[in-house]
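Shown next, in structure tokens, is the structure this report addresses.
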Amino acid sequence: YLTTQQRFDTLTLEGAVRGDDNNQFGWNGTWQAAAGWEFIPDYRVTLSYGTGFQAPTLGQMYGQSRLYISANPNLEAEKSHQVEVGLEGQSGPLDWRLSAYENKINNLIDYFYDDSTFTGAYYNVQSATIKGIEWTGNMDTGMFSHRLTLQYLNPRRDQDNEVLAHRSKQQLKYQVDW
């Protein structure tokens, strides 16, 4: 894994490359590039593009009999690419970020459960597109650090535009640390 970042006045550029060597799926290289421009102090716009690779886990390929999950040794690895645009800033005590993204995934690994046999299995979706909008806000109050994330997702199978099963369309997360 190799990453670099360089700042030129109000412009920040970033790049990363990674290689994964998998016994079953071979060598897979992924990369990411991003740019951020601080157009006024404490506010910036960002743009990024990246690729991804995810091999199936052993449990996904060979099953988990105690959990009634059937084996599927024919699973293919996921390959993806994502583009994201964002706006971030500091408004008083609130550090926030708003972003929109589109993630295209080939061979998405999904799960099916059969109510009649009480067994499940993993399978590949030929291709899927997940579009989303996310807002994250961070704020400190004394010794506590708060983080709130709101997310809207539109996960769809490309072949028929059906919504992907087992995917939340809206997410709300709250985290507090000290």
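All but one of (1) open to solvent by 50 Å² or more (accessible area, probe 1.4 Å); (2) part of a strand (DSSP E or B); (3) not acidic (Asp, Glu) hold for residue 36, so report the exception by its number.
That leaves (1) as the condition not met.
I need the full set of residues from region 54-89 which are among the polar types (S, T, N, Q), loosely packed, with under 14 Cβ neighbours inside 10 Å and assigned to a loop (DSSP other than H, G, I, E, B), in order please.
Result: 57, 74.
Only residues in region 164-178 that are over 28 Å from residue 124 (Cα atoms) count as the first member; pair them with residues that are small (Gly, Ala, Ser), Cβ under 6 angstrom, at least 6 apart or cross-chain, and list the lot.
177/145
Would you please list the contacts, defined by Cβ atoms under 6 Å and residues six or more apart or on different chains, that run from a residue in region 116-145 that is at pLDDT 95 or above to a residue that is of a type in the set (Val, Ile, Thr) and in a strand (DSSP E or B)?
128/105; 136/149; 144/176
Of all the residues that make up region 39-52, how many are open to solvent by 40 Å² or more (accessible area, probe 1.4 Å) and either within 15 Å of the chain's Cα centre (by Cα) or on the phi > 0 side of the Ramachandran plot (or both)?
Within region 39-52, residues that are open to solvent by 40 Å² or more (accessible area, probe 1.4 Å) and either within 15 Å of the chain's Cα centre (by Cα) or on the phi > 0 side of the Ramachandran plot (or both) number 3.
Consider residue 14 carefully, then state whether it is charged (D, E, K, R), more than 22 Å from residue 110 (Cβ to Cβ), in a strand (DSSP E or B) and in contact (Cβ under 8 Å) with a residue 40 or more places away in the chain. Spell out the reasoning first.
Values: charged (D, E, K, R): yes; more than 22 Å from residue 110 (Cβ to Cβ): yes; in a strand (DSSP E or B): yes; in contact (Cβ under 8 Å) with a residue 40 or more places away in the chain: no.
Against the criterion (charged (D, E, K, R), more than 22 Å from residue 110 (Cβ to Cβ), in a strand (DSSP E or B) and in contact (Cβ under 8 Å) with a residue 40 or more places away in the chain), residue 14 does not qualify.
Quickly run through region 90-138 and pick out the residues that are out of contact with any helix residue (DSSP H, G or I) (no Cβ under 8 Å at 6 or more places or on another chain), in a strand (DSSP E or B) and among the hydroxyl-bearing types (Ser, Thr, Tyr).
91, 99, 101, 111, 113, 119, 123, 127, 129, 136 - these are the residues of region 90-138 that are out of contact with any helix residue (DSSP H, G or I) (no Cβ under 8 Å at 6 or more places or on another chain), in a strand (DSSP E or B) and among the hydroxyl-bearing types (Ser, Thr, Tyr).
Among the residues of region 121-152, which ones are within 24 Å of residue 55 (Cα to Cα), among the hydroxyl-bearing types (Ser, Thr, Tyr) and open to solvent by less than 60 Å² (accessible area, probe 1.4 Å)?
Answer for region 121-152, where residues must be within 24 Å of residue 55 (Cα to Cα), among the hydroxyl-bearing types (Ser, Thr, Tyr) and open to solvent by less than 60 Å² (accessible area, probe 1.4 Å): 122, 127, 129.
So which residues in region 1-33 are surrounded by 10 or more Cβ atoms within 10 Å (Cβ to Cβ) and among the charged types (D, E, K, R), if there are any at all?
The answer is 7, 14, 18, 20.
If you scan region 153-167, which residues turn out to be open to solvent by less than 60 Å² (accessible area, probe 1.4 Å) and outside any strand (DSSP E or B)?
164, 165, listed by residue number.
What pairs can you find where one residue is in region 54-74 and farther than 10 Å from residue 122 by Cα, the other is among the β-branched types (Val, Ile, Thr), and their Cβ atoms are less than 6 Å apart, with a gap of 6+ or different chains?
Listed pairs, sorted by first residue: 68/119.
The values are calculated or read from the model by the stated rules, or taken from the named source; none is laboratory data. Please read these numbers as outputs of a predicted model, since none were measured by experiment. We place every Cβ from the backbone using ideal geometry, glycine too, and count neighbours over all the protein chains shown. The area values use the complete protein model at the heavy-atom level, side chains included, leaving out ligands, DNA and RNA. Shrake-Rupley method; radii C 1.70, N 1.55, O 1.52, S 1.80 Å.
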